[in-house]
Amino acid sequence: MAYIEERNSEGGCLFCHGRDLPPGPDSLILHRGQRAFVMLNRYPYTNGHVMVVPNTHVPSLEDLDAATLADLMLLARRGLRATDAPTIHFGTGTAGLLPLMARAGGDVVSVDWRIGLGEAWALIGNAGIQGNLDPSTLLAPFGVAAAAAREILADAAGRPGHIFNLGHGILPQTPVDHVRRLVDLVHESFLVAPRPADARRPS
């Protein structure tokens, strides 16, 4: 909730700002490569959530040159080896790429609201899924988001490997109370939802 309630007065791109700061606890930067750097997420999804960020501000990975892409992958691999932590393959607007994302690796594949959980699971096989509420539903009366969330939870049917999430991000004008009520709704549903007997755990 701190992420939602905090007001950022700096403006601009936080990664471009971080690019010019020295490594340390204040900047959250852990390491610098030749063309990219590694920093902690101030509002992590999980403990030790790190991000590998290119020095160049571009709209898409495909706009990076080969040397920068290589440095990104090298730093990401070093991070994985250092932490031995579960990995989430994150993407938005990537429904057509889900089989490739699953093949590329990761314990969990992240999907957005543009594809249902059942269809996505059919494409990625027995991996976990993170997603997939449309964040714009939180701008409507809360009943809209609540109905959409219950539909997603029903699709998941208590299957192990599902991480409920927005798909992805909270819009700046989202009422904080809607977010709190959504969190409570999801937590309560996980407490009472039955586990399907034939559910398979992600491998």
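Within the range 159-169, being small (Gly, Ala, Ser) and in contact with a Ser or Thr (Cβ under 9 Å, 6 or more places away or on another chain) holds for Gly167, Gly169.
Quick check on Pro86: is it part of a loop (DSSP other than H, G, I, E, B) and either modelled with pLDDT under 80 or among the charged types (D, E, K, R) (or both)? When the stated conditions are applied, Pro86 passes them.
Counting only residues that are farther than 24 Å from Ala122 by Cβ and either among the polar types (S, T, N, Q) or touching a residue at least 24 places away in the same chain (Cβ under 8 Å) (or both), how many does the range 163-176 have? Counting residues in the range 163-176 that are farther than 24 Å from Ala122 by Cβ and either among the polar types (S, T, N, Q) or touching a residue at least 24 places away in the same chain (Cβ under 8 Å) (or both) gives 7. Being in contact with a Lys or Arg (Cβ under 7 Å, 6 or more places away or on another chain) and either farther than 17 Å from Thr87 by Cβ or exposed (fewer than 12 other Cβ atoms within 10 Å of the Cβ) (or both) holds for only one residue in Leu28, Leu69, Leu21, and it is Leu28. When the range 45-66 is limited to residues that are exposed (fewer than 12 other Cβ atoms within 10 Å of the Cβ) and among the β-branched types (Val, Ile, Thr), the one that is modelled with the highest pLDDT turns out to be Val58. Pairing each residue of the range 144-162 that is without any contact (Cβ under 8 Å) to a residue 40 or more places away in the chain with any residue that is acidic (Asp, Glu) and not in a helix (DSSP H, G or I), provided the two are 6+ apart or on different chains, yields C-beta distances under 7 Å for Ala148/Asp134. Of all residues in the range 118-138, those satisfying the criterion of being without any contact (Cβ under 8 Å) to a residue 40 or more places away in the chain, surrounded by 14 or more Cβ atoms within 10 Å (Cβ to Cβ), in a helix (DSSP H, G or I) and aliphatic (A, V, I, L, M) are Ala120, Leu123, Ile124. Of the residues that make up the range 165-179, is at least one outside the structural domain of Arg103 (by TED's automatic domain parsing), under 18 Å from Thr87 (Cα atoms) and modelled with pLDDT under 90? No, the conditions are met nowhere in the range 165-179. Identify all residues within the range 139-166 that are loosely packed, with under 15 Cβ neighbours inside 10 Å and in a loop (DSSP other than H, G, I, E, B); write none if there are none. Of everything in the range 139-166, those that are loosely packed, with under 15 Cβ neighbours inside 10 Å and in a loop (DSSP other than H, G, I, E, B) turn out to be Ala140, Pro141, Ala157, Pro160. Tell me yes or no: at least one residue of the range 167-175 is surrounded by fewer than 16 Cβ atoms within 10 Å (Cβ to Cβ) and among the small types (Gly, Ala, Ser). Checking the range 167-175: at least one residue is surrounded by fewer than 16 Cβ atoms within 10 Å (Cβ to Cβ) and among the small types (Gly, Ala, Ser). The set of residues in the range 112-148 that are under 17 Å from the mean Cα position of the chain (by Cα) and over 22 Å from Pro86 (Cα atoms) comprises Trp113, Arg114, Ile115, Gly116, Leu133, Asp134, Pro135, Ser136.
The values are calculated or read from the model by the stated rules, or taken from the named source; none is laboratory data. The shown structure was predicted, so the numbers you read here are calculated from the model rather than taken from an experiment. Neighbour counts are summed over all protein chains in view; Cβ atoms, including those assigned to glycine, are modelled from backbone coordinates with ideal geometry.
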